[in-house]
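To start, the structure under review is shown below, and the notes come after it.
What follows is calculated from the coordinates using simple rules that are stated; it is not laboratory data. Computed from a predicted structure; not experimentally measured. All Cβ positions, even for glycine, are placed from backbone atoms using ideal geometry, and neighbour counts span all protein chains on display.
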Amino acid sequence: VNSFGRAHFSDQLPTSLDRKNCVLIYDQILSRQHGSWIRKFPNRLAVKSGETLKDVKILPRHLTAILNLSADIPRTQLTVVAFGGGSVGDFAGFVASVLKRGVKLIHIPSTWLAAMDSAHGGKTALNVGQAKNQIGSIYFAQDTYLVKKVLLKVPRTQVQDALGEFYKMALISGGAIWKAAVNEASPDGDFLWRHLRLVIRGKMQIVKKDPFETKGIRHLLNLGHTVGHVLETELGLSHGRAVHLGTLFSLNWSCQQGFFKFMLVPALWPSQSELKRSLKAVKNPRQKLRLDKKTSDGDAIQFVFVRKPGRVFVRKMKMKDLLKEWKRQCQ
Ligand SMILES: NC(=O)c1ccc[n+]([C@@H]2O[C@H](COP(=O)([O-])OP(=O)(O)OC[C@H]3O[C@@H](n4cnc5c(N)ncnc54)[C@H](O)[C@@H]3O)[C@@H](O)[C@H]2O)c1
Ligand SMILES: [Zn+2]
């Protein structure tokens, strides 16, 4: 085990956890399919997933319940186990990082987004009102279990939504994973499962160079997100689809800037006309882009460009140039 934790891949949910010393925090919807595994935990808290779970206002109520559940467990043994999607992971990760000044954390992601992205890299987060992810910590799980039986039961529509993040990571990493992305005609859950190890490795290679996001390297993982976030909030698209469109925007701009001349992309990517329609549908993109604090600082934007698969980089751009490009891609 290193300080970034360890990823385990298995067919079934883990049976070797020291359950009496765990507090299991799980998405209530999972009790239908995985109830018999869940019920083996004497200390467990069912939660309703989503952004309200991350609302800082309900934290005290949950903390009281968690403290009651863990009252008899010695602090050094106490382990928070998060079983759910990204919202459960962000919430339970935050709890583990502050409970008794920090206790062990285990992630068992149950959505593709969590399995590919949010369960790795140590970021935990809570929301304050409408402001997402404003409270948080960087707190790495000791172990993360990727469980085939759980992930292959995720409905197909969610697999489709997850592809955006998959392609983003494939483009960042390049090599075998990009090749697989380009060659696959009908990516499904099995496809994601086969490449999960590479996706996680790609993310962790970047995280390890900049674990606390102080060097700007982690910012590479925001490929597609500057434009993606605006499309997600303005048009109500799923996060994955929005990131997918945002990644296409970034490729178009990179090409326009002359960073590459030609690149083969997977056949199943959103079309240029879908991107055009989406960009056009956003009213006042300037104002919406400014709201994205992560990337914008007044009139400058840290934009993630692509030179080729496996080579992405950040360049500081002027807001007015991004808006000019937005307009260009609307035509
Ligand atoms: N910490 C990070 O690095 C990081 C990175 C990206 C996103 N996030 C956060 O992750 C969250 C989004 O992740 P998410 O989409 O996994 O969220 P989520 O936890 O809200 O799950 C999405 C939906 O899937 C359902 N679900 C969970 N497991 C399922 C299963 N096995 N089968 C069917 N349905 C299932 C949930 O009940 C919910 O309705 C956001 O809050 C975002 O801010 C965090
Ligand atoms: Zn994302």
**Complete:** In order over segment 28-33: 3J(HN,Hα) from phi, Karplus 6.51/-1.76/1.60, θ = phi - 60°, whole Hz, x for each Gly or Pro, gives 4, 5, 7, 5, 5, 8
**Asked** Quick one: helix 272-281 against the long Cα principal axis of the chain, what's the angle to the nearest 10°, folded into 0 to 90?
**Response** 80 degrees
**Asked** Using modelled backbone amide H atoms (1.01 Å from N, in-plane), which distant-in-sequence or interchain residues come within less than 5 Å of Leu45's amide H?
**Response** Leu24, Ile25, Tyr26
**Fill in**
Measuring from its Cα centre, the chain shows a charge dipole (+1 at each Lys and Arg Cβ, -1 at each Asp and Glu Cβ) which, in debye to the nearest 20, is 540 debye
**Item:** Which of Ile138, Ala162, Ser173, positive extreme of dipole for segment 125-175 (C-beta unit charges)
**Value:** Ala162
**Request:** Whole Å is fine, so just give me how far the alpha carbon centre of segment 148-223 lies from that of segment 1-20.
**Result:** 20 Å
**Fill in**
Taking a crude spin-label model, label points 7 Å out from Cα along the C-beta direction, the Asn183 to Ser273 distance in nm is 3.1 nm
**Fill in**
Using alpha carbon centers only, segment 257-331 is separated from segment 38-88 by a whole-angstrom value of 39 Å
**Prompt:** Given 25 °C and 0.890 mPa s, how large is the Stokes-Einstein diffusion coefficient of segment 83-127 in µm²/s, with Rh as the Kirkwood radius over Cα pairs?
**Reply:** 239 µm²/s
**Message:** Taking θ = phi - 60°, what integer Hz values does the Karplus form 6.51 cos²θ - 1.76 cosθ + 1.60 yield along segment 115-125, in sequence order, with x for Gly and Pro?
**Reply:** 5, 8, 10, 5, 7, 10, x, x, 7, 10, 7
**Complete:** Distance in nm between Arg194 and Lys283 label points, each 7 Å along Cα→Cβ, equals 4.6 nm
**Request:** Mind scanning Lys168/Lys203; Lys132/Lys288; Lys123/Lys318; Lys123/Lys149; Lys132/Lys316 and naming the pairs with a C-alpha gap bigger than 22 Å?
**Result:** Lys123/Lys318; Lys123/Lys149; Lys132/Lys316
**Prompt:** What residue among Asn21, Asn222, Asn68 has the largest mean-square fluctuation in a Gaussian network model of the chain, using Cα springs under 10 Å?
**Reply:** Asn68
**Prompt:** Going by alpha carbons, how many degrees (0 to 90, nearest 10) lie between the helix axis of 225-235 and the longest principal axis of the chain?
**Reply:** 80 degrees
**Complete:** The helix 86-98 Cα axis meets the longest alpha-carbon principal axis of the chain at an angle in degrees, between 0 and 90 and rounded to 10, of 60 degrees
**Request:** Excluding residues on the same chain fewer than 8 positions from Lys54, give the aspartates and glutamates whose Cα lies under 20 Å from its Cα.
**Result:** Asp27, Asp90, Asp117, Glu232, Asp292
**Message:** Please list, short to long, the whole-number percent of alpha-carbon pairs of the chain in consecutive 20 angstrom bins beginning at zero.
**Reply:** 31, 56, 12, 0
**Asked** For the chain, which longest stretch is free of loop sites, where a loop site is one of the trypsin sites (Lys or Arg not before Pro) that DSSP puts outside H, G, I, E and B and that has at most 14 other Cβ atoms within 10 Å?
**Response** 76-152
**Fill in**
Quick calc, Thr233 & Asp18: beta-carbon distance into FRET formula, R0 41 Å, rounding 0.05, result 0.50
**Message:** For a quick check, take a GNM of the chain with Cα springs below 10 Å and name the residue from Ala267, Ala96, Ala141 with the largest mean-square fluctuation.
**Reply:** Ala267
**Message:** Relative to 2.2 N^0.38 Å, what does the C-alpha radius of gyration of segment 210-331 come to as a ratio? Two decimals please.
**Reply:** 1.00
**Request:** Go through segment 179-196 residue by residue and turn each phi into a ³J(HN,Hα) via Karplus (6.51, -1.76, 1.60, θ = phi - 60°); whole Hz please, and just put x for glycine and proline.
**Result:** 4, 4, 4, 5, 7, 8, 8, 9, x, 9, x, 4, 4, 4, 4, 4, 10, 4
